[in-house]
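Below you'll find the structure, written out as structure tokens, and then a few comments.
The values are calculated or read from the model by the stated rules, or taken from the named source; none is laboratory data. All figures in this text were calculated on a predicted structure; none of them were measured in a lab. Virtual Cβ from ideal backbone geometry, glycine too; neighbours counted across all protein chains shown.
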Amino acid sequence: MTDPTQPFRIPAEPWYRPVADEIALFEAAHAARMPVMLKGPTGCGKTRFVEHMAWRLGKPLVTVACNEDMTASDLVGRFLLDATGTRWQDGPLTFAARHGAICYLDEVVEARQDTTIAIHPLTDNRRVLPLEKKGELLRAHPDFQLVISYNPGYQALMKDLKQSTKQRFGALDFTWPEHGVEVEIVAHETGIDPALAQKLVAIAERARNLKGHGLDEGISTRMLVHAGGLIAQGVAPLAACRMALVRPITDDPDMRDALDAAVTTYF
């Protein structure tokens, strides 16, 4: 019989550079079947970490990009009508619970609160998922684990998780890597010279100091990888930085000029 989880298995190791004891902590949480919450700014490596851990543990990974239009049925499942009649279709959460996958809800606070409540029975000692429309009480596979992520800095002003949800999870804090580690990450991911990667990281560090002073978010590690990738393709560093680092994070002309000026001090 074909393994239904095969499309969700990660065939090759996603490279991840540990910055502390997060790998050991996640492995312990998985062994204890503890749900895990990853907290940190966008683009700092949360998703890559989950992919690496799924590969490391040999578990399939079901990823859901949460949004405000997502309903509980989108997560849990629904009846569908086709040529043969009515059939039940598991949602990603149900599929993961049924088959022992890691279910990763990315930016979970983007979903409506009445949707996130659907995960509660899976995040305590019950580890069950009521499929009310189907009349089934699904008991989670022993290998099932729920992982969620969100950006506390951004969400503080917009949305937040309910305490009744937060307290069901163990939490790992993610932030920008220390300077030398971030240089290593950018150089590895893009293939550019470490000296060049160091300049990109220095630009990002200057921009991050402006968060809350004209910028909603700083330049992320992901954006540095984009800039390095453009440079590796032969794009001039100044043009690559403007395209990948400056233009995406602000439309304010004065802030753009200030960031462009910062870039020109390195290139």
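Numerical summary
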{"quantity": "Lone unmet requirement of (1) touching a residue at least 60 places away in the same chain (Cβ under 8 Å); (2) in the same structural domain as SER73 (by TED's automatic domain parsing) for THR165", "calculated": "(1)"}
{"quantity": "Extreme residue, farthest from PRO142 (Cα to Cα), among residues of the stretch 71-96 that are crowded, with 19+ Cβ neighbours inside 10 Å and either free of Cβ contacts under 8 Å to residues at least 12 places away in the same chain or touching a helix residue (DSSP H, G or I) at 6+ places or on another chain (Cβ under 6 Å) (or both)", "calculated": "ALA72"}
{"quantity": "Qualifying positions in the stretch 208-255 - closer than 25 Å to ARG17 by Cβ and touching a strand residue (DSSP E or B) at 6+ places or on another chain (Cβ under 7 Å)", "calculated": "GLU217, GLY218, ILE249"}
{"quantity": "Check on ALA54, modelled with pLDDT of 95 or more, surrounded by fewer than 19 Cβ atoms within 10 Å (Cβ to Cβ) and assigned by TED's automatic domain parsing to the domain that holds ARG127", "calculated": "no"}
{"quantity": "Which listed residue, of PRO18, PRO14, is loosely packed, with under 14 Cβ neighbours inside 10 Å and part of a loop (DSSP other than H, G, I, E, B)", "calculated": "PRO18"}
{"quantity": "In the stretch 188-203, the residues that are surrounded by fewer than 21 Cβ atoms within 10 Å (Cβ to Cβ) and either under 17 Å from GLY45 (Cα atoms) or touching a Lys or Arg at 6+ places or on another chain (Cβ under 6 Å) (or both)", "calculated": "HIS188, GLU189"}
{"quantity": "Any chance GLN198 is polar (S, T, N, Q), modelled with pLDDT of 95 or more and in contact with a helix residue (DSSP H, G or I) (Cβ under 7 Å, 6 or more places away or on another chain)", "calculated": "yes"}
{"quantity": "Residue within the stretch 138-159 that is among the β-branched types (Val, Ile, Thr) and in the same structural domain as MET255 (by TED's automatic domain parsing) present", "calculated": "no"}
{"quantity": "Residues (closer than 25 Å to GLN113 by Cα and assigned to a helix (DSSP H, G or I)) located in the stretch 45-71", "calculated": "LYS46, THR47, VAL50"}
{"quantity": "Filter result (charged (D, E, K, R), within 16 Å of PHE8 (Cα to Cα) and not in a helix (DSSP H, G or I)) within the stretch 81-105", "calculated": "ASP90"}
{"quantity": "Top-ranked residue in the stretch 208-226 [being within 20 Å of the chain's Cα centre (by Cα) and not charged (D, E, K, R); ranked as nearest to THR190 (Cα to Cα)]", "calculated": "VAL225"}
